[in-house]
Amino acid sequence: MELHGTATISANGHLAVGGVDTVTLAREYGTPLWVIDEEQFRRNCRAFRQAFSSDLFPAGAVVLFAAKSLLALAICRIVEEEGLSLDVVSGGELHTALAAGFPMDRVYFHGNNKTQAEIDEAYQAGIARFMVDNLHELDLLEGPGRTGSGTRSGAGRVPVTLRVTPGIDADTHDYVKTGQQDSKFGLDIAGGQAMGAVKRVLDAPHLDLKGLHCHVGSQLFTTEPYAGAAEVLMDFAAEVRRRTGWVPEEIDLGGGFGVRYSNGDAPLEPEAFARAISRAIGKKVSETGLPFPRVIVEPGRAISATAGWTLYTVGSIKEIPGIRTYVAVDGGMTDNPRPALYQAVYEACLANRAGETVDGRGTGGGRTVGGSGTGGGHAAAEVFTITGRCCESGDILIHDIALPRPVPGDILAVSCTGAYNSTMASNYNRLPRPAMVLVNRGQVDVIVERETYDDLVARERLPVRLRRRASARRASAG
Ligand code: LLP
């Protein structure tokens, strides 16, 4: 496993993150535990801000953090402090941003099936942009009081950007591809739907068309899909200008910037994407004469993934001689559904014995501890399968990881779990969701409390007739 962010091995051989001993964290806050490395999260925010703030973008650039990858009140505050804007996709995410006091003029509302109530709330809150996905949403935007002008304090018309499908098939898992023509998202350019929507927005006196958006997919390792999408959007914009005279103020190329989960992943720096996007748009600016638009990007995973660690306690160990050894931990697909959903590969180490297996290898010169996710690793290590505790054979967190032989009570630290783990967690098998702690320079803050068993039944109601029957039965039995 490669050490990244602020992770180090302490003198006592324990894994430390943010200057905090993870074994102490596990003891004090229990496991499973989500640990967020604040410094690493901030570094990732800054890397994107810097890459997209240079003269590569003459009309400026905006970086939105995709809240779907990691969200909590404290996360909103950090995102705000780092000067990023926020991409939300639901009333719940919007509510979290509101509760955190996140500035609404930096909130962009995505999603392919927003409800009328969500649209009304977002409108009242004064969000920066509705990222309109489809024609139905345009109907909903004609809500009460909006077809006149100037109803929103000082803001006038509703600012919208249209999400289009550029027809780009990105090289990633089918479930996280979104730019191809056959997608549930966005207005189809090739079939003419996107042009129809543009005309409709331009004809609507209450709507202000700001730009065009697309998102081609997630966990991408090359710049081509972004450059390709930028060119398609600019060509489409040129066609729109020819037919209507409208020119886009902004072009949003979505998120999807890949991260390193394990040895097979070779992510690019944000600068590489910034340069490729700038070059592709610049080329179309010279070809078409369109003005250089403001550029928007929406990284989620590339900011949150490497900032997260999950700590588990090892429990039962089942050895099937000559076949496999299963090492069960106290979480699994409930706190990290990604291996089960996308065959995602993770790396891990034994946090309380990290010093036993430090070696100098690993990609990019980074120090590695324990095994690699692919079965290589330290000479003294054996290969194990890490399973979760759910009643599912598919609840396997890591296939074939090389580790020193675990024993019950060891603490397993899985790296790179900051994105799409807590936000996709469930209560399957009635497992309470873990707590989340923020660590930074030796300080620990609980930012999400662990769910309790009482939380699990708190929203349940027992119909009176069922309650009566149970007490009647008890009375007759007594
Ligand atoms: N913008 C839009 C419009 C999106 O749909 C997404 C992700 C993002 C930005 C952020 O993408 P990111 O930079 O985080 O890759 N649950 C899956 C990922 C689903 C991504 C959905 N949309 C996973 O765990 O891999």
In degrees between 0 and 90, to the nearest 10, how far off the longest principal axis of the chain does helix 193-203 point, with axes built from Cα atoms?
-> 60
Label zone at Asp171, where the point sits 7 Å out along the Cα-to-Cβ direction: the stretch 222-257 residues whose backbone N lies under 12 Å = 222-225
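Any idea what the dipole of the chain comes to, in debye rounded to 20, about its Cα centre with Lys/Arg Cβ at +1 and Asp/Glu Cβ at -1? Spell out each step's value before the answer.
Working: 49 positive and 56 negative charges, 239 e Å.
Rounded to the nearest 20 debye, it is 1140 debye.
Can you give the relative contact order of the stretch 38-304 as a percent, counting alpha carbon pairs under 8 Å and 6+ residues apart?
Values: 526 pairs, mean separation 55.7, N = 267.
It comes to 21 percent, rounded to a whole number.
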Karplus couplings for the stretch 388-395 from phi (6.51 cos²θ - 1.76 cosθ + 1.60, θ = phi - 60°), rounded to Hz, Gly and Pro as x?
-> x, 10, 7, 7, 8, 5, x, 7
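What is the percent of Cα-Cα separations in the stretch 38-304 that go past 23 Å?
Values: 17669 of 35511 pairs.
For the stretch 38-304, the fraction of Cα-Cα distances above 23 Å is 50 percent.
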Taking all pairs of distinct Cα atoms, average 1/r, flip it, and tell me the Kirkwood hydrodynamic radius of the stretch 170-249 in Å to one decimal place.
-> 13.7
Amide hydrogen neighbours beyond the local backbone of Glu2, cut-off 5 Å, H modeled | Val369
What is the dipole size for the stretch 1-46, taken about its Cα centre, with +1 at each Lys and Arg Cβ and -1 at each Asp and Glu Cβ, in debye to the nearest 20?
-> 120
Sequence order, the stretch 94-99: Karplus ³J(HN,Hα) from phi using 6.51 cos²θ - 1.76 cosθ + 1.60, θ = phi - 60°, Hz rounded, Gly and Pro as x, gives 4, 4, 5, 4, 5, 5
Nearest 10 degrees, 0 to 90: what angle lies between the long axis of helix 224-244 and the longest principal axis of the chain (Cα atoms)?
-> 20
In Å², nearest 10: area of Cys391 left accessible to a 1.4 Å probe | 110
Amide H neighbours of Ala66 under 5 Å, counting only residues 5+ apart in sequence or on other chains, H built in-plane at 1.01 Å?
-> Asp87, Gly300
If you count the DSSP beta bridges with both ends in the stretch 38-304, what percent of them are antiparallel, to the nearest 5?
-> 5
Count of lysine pairs, the stretch 38-304, Cα-Cα under 24 Å, sep. 8 or more residues or interchain, comes to 14
Amide H proximity to Ile398 below 5 Å, modelled H, separation 5+ or other chain, gives Ile386
Dividing the Cα radius of gyration by the Kirkwood radius, what Rg/Rh value follows for the chain?
-> 1.02
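The values are calculated or read from the model by the stated rules, or taken from the named source; none is laboratory data. Bear in mind that the values here come from a model prediction, so they are computed numbers and not experimental data. As a convention, Cβ positions derive from the backbone with ideal geometry for all residues, glycine included, and neighbour counts pool all protein chains shown. Heavy atoms of the whole protein, side chains included, go into the accessibility calculation; ligands, DNA and RNA do not. Shrake-Rupley method; radii C 1.70, N 1.55, O 1.52, S 1.80 Å.
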